[in-house]
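Q: Dropping a structure here in structure tokens format, bear with me for questions.
The values are calculated or read from the model by the stated rules, or taken from the named source; none is laboratory data. Keep in mind that what you see is a predicted model, and the values were worked out from it rather than measured. Neighbour counts run over all protein chains shown; Cβ positions are idealised from the backbone, glycine included.
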Amino acid sequence: MITQILILIEIFFTVVIGLYFLNALKGQKTNKITVNVENKRELENLKKMRDIKLSIPLTERGRPTTFDEIIGQEKGIKALKAAICGTNPQHIIIYGPPGVGKTAAARLVLHEAKKKMYTPFRQDARFVEIDATTVHFDDRGIADPLIGSVHDPIYQGAGALGIAGIPQPKPGAVTKAHGGILFIDEIGELHPIELNKLLKVLEDRKVLFDSSYYNSSDPNMPTYIREVFENGMPADFRLIGATTRNPEEISPALRSRCVEIFFRPLHPEEIEVIARNSVKKIDVEIDDEACSMVGRFASNGREAVNIVQLAAGIALDGNRRVICLEDIEWVIENGQYSPRPDKKVNKAPQIGYVNGLAVYGANMGAVMEIESSAHKVKGRKGNLKVTGIVDEEEITTFNRKIRRKSNALCSVENVITVLEKRFNINCDEYDIHVNFPGGVPVDGPSAGISIATAIYSAIKGIAVDNKVAMTGEIALNGNVKPIGGVNAKIAAAQKAGAKRIIVPRENYQESFQNIEGVSVIPVDDIEEVFKISLNNDEDGEKINIIDQNVDILSADGLEKY
């Protein structure tokens, strides 16, 4: 009897278990059918979406496909080819304003390198592009699109290996670029932690991972996982970073590992070439006046393309195939574009007025006006006024804020000391006013010799050669010290119409002798600056000498009280 009961119980549980597995199999089959149906429907929707295509934007059509289409950057491209297309490619940082062809040149240089017989790049070498402003990483190490990460078993979605307790390395962009080029746009915005990781990868040419779940003595650890954790993932690539920042704003550790290449700002006539090339790609025309206005208002190629594209839309709406001046004017007014600064040197020498030189933005040079007046006083100590400068400004760039202070006032005080010590001028006998028109932060040190020349000119009543531009820091003993951005400053002075450019001797390069139309003069001492810029024109003739015993001298004119 008991035996029969046990048999019945066994049969019962067998039936229950059988029904359970039968239902499980039916459920799996049903789920699989549901997944297949859903997959088919979504795949069809995806295909329909891909069949819908708009016209290619002009910004994409206008993207350069050859180096010849990158306007105005012949020197930068030559340097880029030399650094990448040789037998030993280098890491590179490209500096330059936005929209001048940095990214396009980086994309093209790998194709150029593959054409060389001696290149180490294989034909399947990849160009991996990433934007530093969008690189976000997880403090826990489970997500890092640049360097790579480890997916530990405790995290959701760890998969079959995770269920088995095995950590899984995930390659980042540095590994995907192995054997090719890793291009990081706006590399100056890269998070410091990510930058330090990147520097380690550049040094080791591989990525090393770590996980508390990895056990080297575990016999069940897959060979692939063991190999990755023991020897790392390969990351032998060449880095090309692009930035709109100045070199001094980039990490010295990164700069020391890279060749630095500079792309210059585009001239108005080069912007016009880009505008004409753009209209050809959308089958319209542009008249000369309209094209010239694009060159005056667009600061880079991307802006030029955007202006042309909108103006073309206006013309087509009016059933016209030619973009006229009125179309460009409407776009400029609507877009609130500002004309490009086009500073020229003065037509005549002036007392107390100097053409200083500065760098702003992405290594862009500019002529900086510096003016001074000196009024001799009696019965009291003279006053020193410095105006036109911004003492401090806050610059917001993506996820960080930078406070930049002007040190022009410090330079003025240094100049006063030099004038008193070297030239026996009692500055306390004068009301001295130094003005920096424009209201921008002034790079005080590099404006040192310009400030000294302006004040000395105002006190002595000697006009400053209007065809001379200058840059250099002044020491308390009167020596002229080196500064940064000298090439950009020389280019700005040349464009402004200067004929002689004074630079510190330590900044002088032999190539400056080949600059057409200007003479670059190296100096060591402030007296050399005065001899060149004061009292002499290009032919060495006297410009303007007045009685140095006058009571009051100013930049605007001379008055005697």
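Q: Select, from 370, 416, 425, the only residue that is at pLDDT 90 or above, aliphatic (A, V, I, L, M), out of contact with any Asp or Glu (no Cβ under 7 Å at 6 or more places or on another chain) and surrounded by 23 or more Cβ atoms within 10 Å (Cβ to Cβ). So that I can check it myself, show each step before the final result.
A: Numbers: 416 fails: surrounded by 23 or more Cβ atoms within 10 Å (Cβ to Cβ); 425 fails: surrounded by 23 or more Cβ atoms within 10 Å (Cβ to Cβ).
One residue alone meets the criteria, 370.
Q: Can you tell me how many residues within the range 68-117 are surrounded by fewer than 20 Cβ atoms within 10 Å (Cβ to Cβ) and either farther than 29 Å from residue 298 by Cβ or among the aromatic types (Phe, Trp, Tyr) (or both)?
A: 11
Q: Which pairs turn up if I take residues in the range 61-87 that are more than 15 Å from residue 114 (Cβ to Cβ) and look for partners that are in a helix (DSSP H, G or I) and among the hydroxyl-bearing types (Ser, Thr, Tyr) with beta carbon separation below 6 Å, at least 6 apart in sequence or on another chain?
A: Short answer, once both residue conditions are applied: 62/278.
Q: A follow-up question, please. Kindly establish whether residue 218 is under 24 Å from residue 107 (Cα atoms), assigned by TED's automatic domain parsing to the domain that holds residue 131 and among the acidic types (Asp, Glu).
A: When the stated conditions are applied, residue 218 does not pass them.
Q: Just to be sure I understand the filter: pairs with C-beta atoms under 7 Å, separated by 6 or more residues or on different chains, first member in the range 179-208 and outside any helix (DSSP H, G or I), second member basic (Lys, Arg). Which pairs pass?
A: 179/122; 180/126; 181/238
Q: Hey, another quick one. When you scan the range 389-399, do you find a residue that is at pLDDT 80 or above and either β-branched (Val, Ile, Thr) or closer than 22 Å to residue 473 by Cα (or both), even just one?
A: no
Q: So which residues in the range 59-89 are in contact with a Gly (Cβ under 9 Å, 6 or more places away or on another chain), in a helix (DSSP H, G or I) and within 17 Å of residue 272 (Cα to Cα), if there are any at all?
A: 69
Q: Sticking with this structure for a sec: What number of residues within the range 267-307 satisfy the criterion of being in contact with a Cys (Cβ under 9 Å, 6 or more places away or on another chain) and outside any helix (DSSP H, G or I)?
A: 2
Q: Let me ask another. Within the range 474-481, is there a residue that is part of a loop (DSSP other than H, G, I, E, B), of a type outside the set (Phe, Trp, Tyr), surrounded by fewer than 18 Cβ atoms within 10 Å (Cβ to Cβ) and touching a Ser or Thr at 6+ places or on another chain (Cβ under 6 Å)?
A: So in the range 474-481, the residues part of a loop (DSSP other than H, G, I, E, B) come out as 475-478.
Still in the list and also of a type outside the set (Phe, Trp, Tyr): 475-478.
Among the residues that remain, those that are also surrounded by fewer than 18 Cβ atoms within 10 Å (Cβ to Cβ) are: 475-477.
Filter once more, keeping what is touching a Ser or Thr at 6+ places or on another chain (Cβ under 6 Å): 476.
Yes, the range 474-481 contains at least one residue that is part of a loop (DSSP other than H, G, I, E, B), of a type outside the set (Phe, Trp, Tyr), surrounded by fewer than 18 Cβ atoms within 10 Å (Cβ to Cβ) and touching a Ser or Thr at 6+ places or on another chain (Cβ under 6 Å).
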